[in-house]
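A short write-up of the structure that comes next.
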Amino acid sequence: MAEQVNTVIVGAGQAGIAMSEHLSRAGIDHLVLERSRIAERWRSERWDSLVANGPAWHDRFPGLEFPGYGPDDFPGKEDVAAYFEAYAAQIKAPVRCGVEVTSVTKAEHGFLVETSQGQIAARNVVAATGPFQKPVVPDVVPASTGITQMHSTAYRNPGQLPPGAVLVVGSGSSGTQIADELNRAGRRVFLSIGPHDRPMRRYRGKDFVWWLGKLGKWDLEAPMPGMEHVTIAVSGAYGGRTIDFRTLAAEGITLLGRTTAYADGKLTLAQDLKTNIHRGDGYYLALLDEADAFAAAQGLDLPSDPTARDIGPDPVDVTQPRLTLDLAKEGIGSIIWATGFTQDFGWLRVDTFDAKGRPDHHKGIARLPGLYFLGLPWLSRRGSSFIWGCWQDAQHLAQHIATVRNTQTPA
């Protein structure tokens, strides 16, 4: 006979732990099922030196500060995982680790959850598996080249890679940080850059996450045109600094346009490097303008930051961009694809997806009663996939579950 519970939460990362806290506060019995360990992706799917991209005062839940870190410090990945483990213990979250959910199907009074340890009957199911589910590796360079290829989730440190130069594909936070680390380790690095937004790390004494909050950008409920798939180049590494591709070039990294095709040992590169760099500059300068306007309108006494607008000349990589890259000639022994993720809800065997296979929901509440999504980008607003953002979304979903429970008759 199946175990009975009101709500099953699938995933014990930041979203699952946040959901558990709010369900407990609402007095709703629930289970959190995790196929591995709490915050497993932070532990085993990130490189060794990764730190949080937001400062400790911002990237956390309200009920616990990061121990051993100042408010403007950037916690390391192991400490982030330990934070969620400690938080789960603090709230007495009913987490079952080592339990894989193999399928969820509709049942008479809710859902039947099939797991590696048996069946669970639940009124509600919360899919809290996060935005980083299935790594995307473009089918560009054939394995027959003998070049080591991996997604950024498999990269750990420079010593892991075979000898030779490294091509990093992707200009978001992961790609730029990995390229920077490899360059500092003495590797020759090529960085393939696509469209991106490039915010300042700090401006006039405040972190960019503070500015996005004051400017209302975290609360945007839908991406502006062109924002849907644009990555953000930001880093908390080495104490946090603004990512500037001109600086990376000056430090020895070779900048390239987007990687588009492969033939006869050579990669074809798009003629978009200058456009992508300058577009990132435009975002950066516009954000400074908005920050200044806000500070003036609110009469904020913040220090000036005149050098923030200094943008150096384009390096030769930009003025004379390469259109091909001969992998053997350049001695490239490995390629790291920092090319993002797709969602994977193959275990969720219910009718709640649109024509493109995306979850059909409104602010996390699926059109199929009793099913919820949490931790996805733009779930309710821009900040939804961040630590603090999913905590707020979880509160909303728990309130909805509690309201529905109060109108139901016992199963």
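The values are calculated or read from the model by the stated rules, or taken from the named source; none is laboratory data. Model, not experiment: these values are computed from the prediction. For neighbour counting, all protein chains shown are included, and Cβ atoms are generated from backbone atoms with ideal geometry for every residue, glycine included. Remember, those area values only see protein heavy atoms, side chains included, never the ligands or the DNA or RNA. Shrake-Rupley method; radii C 1.70, N 1.55, O 1.52, S 1.80 Å.
Any chance you could check the Cα centroid distance between region 81-148 and region 356-370 for me, in angstrom?
17
Just the number, please: Stokes-Einstein D of the chain in µm²/s, Kirkwood Rh from C-alpha pairs, 20 °C, 1.002 mPa s.
D = 93 µm²/s.
Could you give each residue of region 36-47 its phi-based ³J(HN,Hα) in whole Hz, using Karplus coefficients 6.51, -1.76, 1.60 with θ = phi - 60°, and x for Gly or Pro?
Going residue by residue, I get 10, 10, 4, 6, 4, 5, 5, 7, 10, 10, 9, 6 Hz, with x marking Gly and Pro.
Any idea of MET200's accessible area? Nearest 10 Å², probe 1.4 Å.
Near enough 0 Å² of accessible area.
Ignoring ligands, DNA and RNA, please state the percent of accessible area on region 82-190 from carbon and sulfur, probe 1.4 Å. Before the final figure, lay out the partial values.
On the way: 2290 of 4460 Å².
Whole-percent figure for carbon plus sulfur exposure: 51.
What whole number of Å gives the distance from the Cα centroid of region 266-317 to the Cα centroid of region 163-215?
So the separation of the two Cα centres works out to 14 Å.
Per-residue accessible area for ARG184 at 1.4 Å probe radius, Å² rounded to 10?
It works out to around 120 Å².
In terms of solvent-accessible area of protein heavy atoms at a 1.4 angstrom probe, what is the ranking of TRP42, TRP391, highest value first? Show your work: numbers first, answer last.
Details: TRP42 55, TRP391 30 Å².
If we order TRP42, TRP391 from most to least accessible, we get TRP42, TRP391.
Please report the antiparallel percentage of DSSP beta bridges with both residues in region 134-263, rounded to the nearest 5.
Percentage antiparallel, nearest 5: 20.
Mind checking Rg over Rh on region 292-408, alpha carbons, Kirkwood formula for Rh?
Computed over Cα atoms, the ratio is 1.19.
Say the dipole of region 122-191 comes from +1 at the beta carbon of Lys and Arg and -1 at that of Asp and Glu; which of THR129, GLY164, THR145 then lies farthest toward its positive end?
THR129
What are the ³J(HN,Hα) couplings of region 8-14, residue after residue, when phi is run through the Karplus curve with 6.51, -1.76, 1.60 and θ = phi - 60°? Round to Hz, x for glycine and proline.
10, 9, 9, x, 10, x, 4
Got the relative contact order for the chain handy, in percent, Cα pairs under 8 Å and 6 or more residues apart?
Relative contact order here is 22 percent.
³J(HN,Hα) across region 96-112 via Karplus (A = 6.51, B = -1.76, C = 1.60, θ = phi - 60°), whole Hz, x for Gly/Pro?
Per residue, the Karplus-derived 3J(HN,Hα) values read 10, 8, x, 10, 9, 7, 9, 6, 10, 10, 6, 10, 4, 10, x, 9, 9 Hz.
If you roll a 1.4 angstrom probe over the protein chains with everything in place, what fraction of the accessible area of region 239-298 belongs to carbon and sulfur, to the nearest %?
That share works out to 48 percent.
How many percent of DSSP beta bridges within the chain run antiparallel, rounded to 5? Could the numbers behind the result be given before it?
Details: 27 of 63 bridges.
Expressed as a percentage, antiparallel bridges in the chain total about 45.
Given the -39500 (n - 2.57) contribution per DSSP H run of 4+ residues, what per-residue ellipticity at 222 nm results for the chain, rounded to the nearest 500 deg cm²/dmol?
-8000 deg cm²/dmol
Might you tell me the accessible area per residue for region 150-271, computed with a 1.4 Å probe and given in Å²?
Result: 38 Å² per residue.
Nothing charged except the Cβ atoms of Lys and Arg (+1) and of Asp and Glu (-1): what's the magnitude of the dipole of region 171-268 about its Cα centre? Round to the nearest 20 debye.
In total the dipole reaches around 380 debye.
Please give the net charge around THR247, taking every other residue with its beta carbon less than 10 angstrom from that of THR247, where Lys and Arg add +1 and Asp and Glu add -1.
Working: positive: ARG241, ARG246; negative: ASP180, ASP244, GLU251.
Neighbour charge sum, excluding THR247 itself: -1.
Which listed residue (VAL95, LEU31, THR105) has the Cα farthest towards the positive end of the charge dipole for region 17-112, taking +1 on Lys and Arg C-beta and -1 on Asp and Glu C-beta about the Cα centre?
Ranked along the dipole, the leading option is THR105.
Assigning unit charges at the beta carbon (Lys, Arg +1; Asp, Glu -1) and nothing else, what dipole magnitude in debye, to the nearest 20, does the chain show about its Cα centre?
Computed charge dipole of the chain: roughly 300 debye.
Would you work out which of ALA366, ILE336, PHE386 lies farthest towards the positive end of the dipole of region 305-411? Charges go on Cβ: Lys and Arg +1, Asp and Glu -1.
After comparing all options, I get ALA366.
What size of dipole, in debye to the nearest 20, comes out for region 121-191 about its Cα centre when the only charges are +1 on Lys and Arg C-beta atoms and -1 on Asp and Glu C-beta atoms?
Details: 6 positive and 3 negative charges, 31 e Å.
The calculation lands at about 140 debye.
Given a 1.4 Å probe and heavy atoms of the protein chains only, how would you sort SER144, SER36, SER152, largest accessible area at the top?
Largest accessible area first, the list is SER144, SER36, SER152.
Leaving ligands, DNA and RNA out of it, report the carbon-plus-sulfur percent of the accessible area of region 313-411 at a 1.4 Å probe.
In region 313-411, the share of accessible area belonging to carbon and sulfur is 53 percent.
Would you please classify the overall shape of region 96-139 from the alpha carbon gyration tensor, given that a ≥ b ≥ c denote the square roots of the eigenvalues, rounded means a/c under 1.5, and beyond that prolate means a/b larger than b/c while oblate covers the rest?
Details: a/c = 2.54, a/b = 1.93, b/c = 1.31.
Since a/c reaches 1.5 and a/b is larger than b/c, the shape of region 96-139 is classed as prolate.
Taking only C-alpha pairs under 8 Å that are 6+ residues apart, what is the relative contact order of region 1-95 in percent?
Taking the mean separation of contacting Cα pairs over the length of region 1-95, I get 31 percent.
By its C-alpha gyration tensor, with a ≥ b ≥ c as the square roots of the eigenvalues, how is region 138-211 shaped: rounded for a/c under 1.5, else prolate for a/b larger than b/c, else oblate? Please report the intermediate quantities before stating the final value.
Numbers: a/c = 2.90, a/b = 1.95, b/c = 1.49.
Prolate.
Could you work out the relative contact order of region 80-165, using alpha carbon pairs under 8 angstrom and six or more residues apart, expressed as a whole percent? Could you put the intermediate results ahead of the total?
Details: 54 pairs, mean separation 11.5, N = 86.
Normalised by residue count, the contact order of region 80-165 is 13 percent.
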